[in-house]
1. Mind giving me the FRET efficiency for A:Ser306 and A:Lys83? R0 is 30 Å, r the Cβ-Cβ distance, nearest 0.05 is fine.
2. Got a sec to turn the phi values of region A:16-30 into Karplus ³J(HN,Hα) couplings, 6.51 cos²θ - 1.76 cosθ + 1.60 with θ = phi - 60°, whole Hz, x for Gly and Pro?
3. When a/c is below 1.5 the answer is rounded, else prolate if a/b is larger than b/c, else oblate, so apply that to region B:114-207 with a ≥ b ≥ c taken from the square roots of the Cα gyration tensor eigenvalues.
4. Calculate the length of the line joining the C-alpha centroid of region A:1-75 to that of region B:195-253, in whole Å.
5. Between B:Arg177 and the same site in the other copies, what are the distances in nm, shortest first, taking label points 7 Å from Cα along the C-beta direction?
6. Please arrange B:Leu145, A:Leu35, B:Leu190 by how many other C-beta atoms lie within 10 Å of their C-beta, fewest to most.
7. Given Cα pairs under 8 Å that are at least 6 residues apart, what percent is the relative contact order of region B:44-190?
8. Let me understand chain A better: what is its radius of gyration from the alpha carbons, and its Dmax, in angstrom?
There are 2 protein chains.
Amino acid sequence: MSETPRIAIDAMGGDSGPAVMIAGAALARKEREDLAFILFGDEEAIRAELIRHPALASAVEIVHCTDVIAGTDKPSQAIRRAKTSSMGRAIAAVKDGTAHAMVSGGNTGAMMAMAKLALRTLPGIDRPALAALLPTLGDNDVVMLDLGANTECDTRNLIEFAVMGAAYARVVLELDRPRVQLLNIGTEELKGTDELKAAAAVLRDADYLHMRFDGFIEGDKLSRGGADVVVTDGFSGNIALKTVEGTARFVTDLIKRAFASSLRSKFGFLVSRPATRLLRHHLDPNNHNGAVFLGLGGLVVKSHGSANDIGVANAIGVAARMVSADITRRIGEDLANISAHNVPAAAQ
Amino acid sequence: MSETPRIAIDAMGGDSGPAVMIAGAALARKEREDLAFILFGDEEAIRAELIRHPALASAVEIVHCTDVIAGTDKPSQAIRRAKTSSMGRAIAAVKDGTAHAMVSGGNTGAMMAMAKLALRTLPGIDRPALAALLPTLGDNDVVMLDLGANTECDTRNLIEFAVMGAAYARVVLELDRPRVQLLNIGTEELKGTDELKAAAAVLRDADYLHMRFDGFIEGDKLSRGGADVVVTDGFSGNIALKTVEGTARFVTDLIKRAFASSLRSKFGFLVSRPATRLLRHHLDPNNHNGAVFLGLGGLVVKSHGSANDIGVANAIGVAARMVSADITRRIGEDLANISAHNVPAAAQ
């Protein structure tokens, strides 16, 4: 697509509200000057922040909304406020075509419910999934899904996640035939739940898909770089993702403690500062921010609630890349491909 | 108990067989001179290793067995070889009282199946669970269970795991009232599966138990030190445990790369060597080796298949501490306590 990507921003979502969302948009536009934004939220608060980012002001439109979905609101409460809340109206802008994608740092469950209702799932998709990129020791990041949108998943869901994850990897990792694996508690064929075993059996034979299915992967191999896409149910996926984040923080905290333990170590740490800065850059979740709802009839990106301006800019960057790559159409094509091969739509 | 703890060792289990198992026993006995061992496996191979550890020779008895359970054997195949295999006979020694505990680095599924058949579960326990200690930033390690013995768990299983995990924490962490949490994808009461919500409701009201139930914990808080016991189903637990291991290794590999990136960083690294050594010590899985099957009528400890001699010595140390603390009796008392309070035995 050659049009200017227009991104709808829920300016009120996230722990720090408009300040961080608008600073993030300003940063994203420094990197891609063709971006335009529609900012949804309290107009006065938004204008107050825009003063700090004069270069951004020419590229934004503001849609005033007073209603904000809170982190504690249940999805069922949120959907009743789809027409009044900043989150709901930003999603509606994707539906009616005024925006190409939407970014929010707000309540994930509410976002999922509102996005599913407004944008519908793609034909052939039972449930959308939340996907994100994790750092690895390999040449690429790894795409992981589902990260918490679906607590329990059946065989068909896992197969759909594999197809959607592979399509996403083809776009964001620029791979022709991504290596896909299912997260499991062992790599032998007899390991894991019945749903996993049945999904593996289908994917193993599906050589018409744009992926190479490599069987099961265990939690300790997630960061090794041997897989491009890791597929799992939303419960295990959420636990694995947060465990990666928590352990990375744990280890870096240990490092800080260890280096502060003696004058000699402190000195060594100072000398090695370029190395530790590189490390911090690689592990900072802000550099991997931007989880995507795959399988919807429109582009919706979740920014971490605690992301800083760099994190928000990365989430916006993810949205913009997906707009340019026309990912919704590409996932649709892959799904049509499975349907043509008669994969059981109701396989359990 | 004042008797000499006698530990049955499956000398053939684990990636490196007798060499590492016997070196580990020798190391464990350096730390606790009151330990005695019964070594099960190929007598010739065992005697060849014992030559390297003359101090150990006076404290061991050898039971010759030629049959070894392989890592690829299914549990159903293994149990037919309970009377011939080194693993099966070491478990039988716990059953007939010749040993107080058993340690193996072999096939986990086979071990679970054989131990359950030979030792039975404690009265009131539906399924045993695999528990281990993970490092944290707090004062204590955290006990985590189940780590893969039970792929799917119902409410009653989760409650039993909480009780067994708390009893274990009282012994190994020497805590009077361990803080127990259920692993979940959010901390609000409405998050997670029905099984988790029901288990939380029972534990919240069970103030007669020797624990403080603190609700749900997410994956990113596992290493923070805010919980003494983390309870989960075997699928998520195995994924979380391996993700911790994999991420810790990922970060330390990144550190190595970062410090090797320039001469200046290399110099800093050398100067800080005491700090990095401390770090490596804290993160080495060998220092946390020894997962315990809780809920059985006898003590069975799983050593990691790839553990080195330090790892095996730690697993033996765990077994010896549990023997001295008479943990089987203590878990039995706690379970009787729940039964007396009429917790629904068949709650789903």
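1. Working from the Cβ atoms, E equals 0.60.
2. Result, rounded to whole Hz: 10, x, x, 4, 6, 5, 7, 4, x, 4, 4, 5, 4, 6, 5.
3. Taking the square roots of the gyration eigenvalues as a ≥ b ≥ c, region B:114-207 is oblate.
4. Result: 37 Å between the Cα centres.
5. Copy-to-copy label distances for B:Arg177: 6.2 nm.
6. B:Leu190, A:Leu35, B:Leu145
7. RCO, region B:44-190: 14 percent.
8. Rg and Dmax of chain A, Cα atoms, are 20.7, 67 Å.
Each reported figure results from applying straightforward, stated rules to the coordinates on display, with no laboratory input. Note that the structure is predicted; figures quoted are calculated from it, not measured. All Cβ positions, even for glycine, are placed from backbone atoms using ideal geometry, and neighbour counts span all protein chains on display.
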